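The values are calculated or read from the model by the stated rules, or taken from the named source; none is laboratory data. Computed from a predicted structure; not experimentally measured. Every residue, glycine among them, receives a Cβ derived from its backbone with ideal geometry; neighbour counts consider all protein chains shown.
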């Protein structure tokens with residue numbers, strides 16, 4: 001992984017080029033203060049003060065130059081100078097204002113590359129940014145590492161990211177942070193987590209289903225459960241997806257990647273919680289042993305589920321995992337899942353559909369997401385749609401066929417398995433960026449991790 005720590009350094013007055021960030025509304029006034037040579041150069045370069053304009057500004061001598069960046073991002077935005085590393089030559093830089101704020105994150109992520117399957121670009125050196133607030137460096141680096149972890153895991157082809165590889169990633173975290181890893185598979189999974197087993201049993205032996213668990217922290221601290229849907233490839237099962245719908249299903253383990261990234265932040269900051277991570281890791285494959293439409297599935301909770309759609313498998317595996325999380329008596333539960341296309345139809349790729357059982361938790365999450373520019377959008381756990389989950393022969397079905405409120409009914413299904421009376425948040429996230437932006441390339445991305453981390457930091461302030 002990119003050595004982010006080397007790219008963000010304390011400002012001790014060392015030589016550095018200056019980056020001046022100007023808002024478009026202030027460009028004309030700023031331009032009027034510049035010497036003729038600068039104004040002439042900007043005119044020739046068609047720099048008009050539009051957001052996104054950037055230029056190298058000449059100084060008195062040949063080596064005496066600085067940088068102009070016209071930006072309409074808020075001063076609190078992590079993406080404020082995110083376009084600069086790709087524009088600038090290697091070297092050391094500082095913001096003229098001296099106030100870096102959250103912008104270090106975008107600077108770091110702009111220099112991260114996923115190049116497992118291509119020849120790495122020729123090393124053009126590092127772009128180092130100086131900050132006058134060195135106390136923020138560690139946190140910014142951890143945020144960059146967590147975001148890059150999600151991107152890297154989601155971008156991997158399913159040939160390199162199956163249930164075993166997810167387990168290996170969890171093992172890396174446990175080794176790094178001295179946590180405990182437990183993996184349930186085989187007969188123990190069949191009897192203890194029947195929905196996880198049902199969804200994953202059609203996969204090849206080396207991609208067999210499992211429940212991955214991490215525990216970390218002082219048992220006396222408040223217990224927090226973080227879950228992630230780990231469907232490493234989703235064919236749709238016997239209700240097979242069309243080719244267009246299957247194309248990006250390597251990213252269906254994006255919820256698991258988010259859970260691991262949030263765990264990385266929690267453990268890296270030594271947040272005073274007892275962390276319990278649960279990842280049901282499966283491949284929804286097709287074989288003679290695949291679960292079928294119309295099957296009635298047992299569950300860890302004891303409910304029975306009539307399977308009406310094998311392509312609504314994520315909620316099944318999460319249901320058993322949520323039941324297990326509740327058995328340990330957590331005081332807070334968060335789950336991430338690339339769960340429904342309905343959430344994307346409603347909110348597009350940028351906004352995780354967020355369902356929360358507790359008003360205080362909902363307010364804290366939304367506020368935190370807004371503050372750190374990792375927005376969430378709350379959708380309702382609408383009781384009136386519970387009737388859509390009724391079955392004629394079992395306790396409930398997994399997927400209504402009426403086409404209504406697909407993201408809501410999926411969340412209502414999960415609510416049946418979430419621990420009663422415990423604040424619970426379900427984030428139906430896309431884990432993918434279809435269009436590139438500065439420091440946010442097309443491909444896997446973390447959507448909702450920084451928001452949850454900001455909320456947890458505030459709720460369980462680290463000493």
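Some observations on this one:
- The number of residues in segment 266-296 being surrounded by fewer than 18 Cβ atoms within 10 Å (Cβ to Cβ) and in a loop (DSSP other than H, G, I, E, B) comes to 11.
- Where helices (runs of 4 or more DSSP H) sit wholly within segment 1-115, those with at least 3 residues that are modelled with pLDDT under 95 occupy 36-44.
- Summed over segment 318-376, the residues that are on the phi < 0 side of the Ramachandran plot and not in a helix (DSSP H, G or I) give a count of 26.
- Condition met for residue 399 (touching a helix residue (DSSP H, G or I) at 6+ places or on another chain (Cβ under 9 Å) and within 18 Å of residue 334 (Cβ to Cβ)): no
- Set side by side, the residues 263, 312 differ, and just one is touching a residue at least 12 places away in the same chain (Cβ under 8 Å) and assigned to a loop (DSSP other than H, G, I, E, B), which is 312.
- Test: residue in segment 28-35 that is touching a residue at least 24 places away in the same chain (Cβ under 8 Å) and surrounded by 14 or more Cβ atoms within 10 Å (Cβ to Cβ): no
- Residues that are surrounded by fewer than 23 Cβ atoms within 10 Å (Cβ to Cβ), in contact with a helix residue (DSSP H, G or I) (Cβ under 8 Å, 6 or more places away or on another chain) and more than 30 Å from residue 272 (Cβ to Cβ), drawn from segment 163-188: 164
- Selection status of residue 137, over 16 Å from residue 1 (Cα atoms), over 18 Å from the mean Cα position of the chain (by Cα) and assigned to a helix (DSSP H, G or I): yes
- Leading residue by the ranking (farthest from residue 458 (Cα to Cα)) among those in segment 370-391 that are touching a strand residue (DSSP E or B) at 6+ places or on another chain (Cβ under 8 Å) and in contact (Cβ under 8 Å) with a residue 12 or more places away in the chain: 391
So that you can scan it fast, the table gives a plain yes or no per residue for (1) surrounded by fewer than 23 Cβ atoms within 10 Å (Cβ to Cβ); (2) over 22 Å from residue 324 (Cβ atoms):
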{"residue": "386", "(1), (2)": "yes, yes"}
{"residue": "400", "(1), (2)": "yes, yes"}
{"residue": "413", "(1), (2)": "no, no"}
{"residue": "430", "(1), (2)": "no, yes"}
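- Residues of segment 108-130 that are under 18 Å from residue 77 (Cα atoms) and touching a helix residue (DSSP H, G or I) at 6+ places or on another chain (Cβ under 6 Å): 108, 109, 110, 111, 129.
- Sole residue being surrounded by fewer than 24 Cβ atoms within 10 Å (Cβ to Cβ), more than 24 Å from residue 161 (Cβ to Cβ) and touching a helix residue (DSSP H, G or I) at 6+ places or on another chain (Cβ under 6 Å), chosen from 299, 340: 299
- Residue match in segment 439-449 (condition: assigned by TED's automatic domain parsing to the domain that holds residue 323, surrounded by fewer than 21 Cβ atoms within 10 Å (Cβ to Cβ), part of a loop (DSSP other than H, G, I, E, B) and at negative phi): yes
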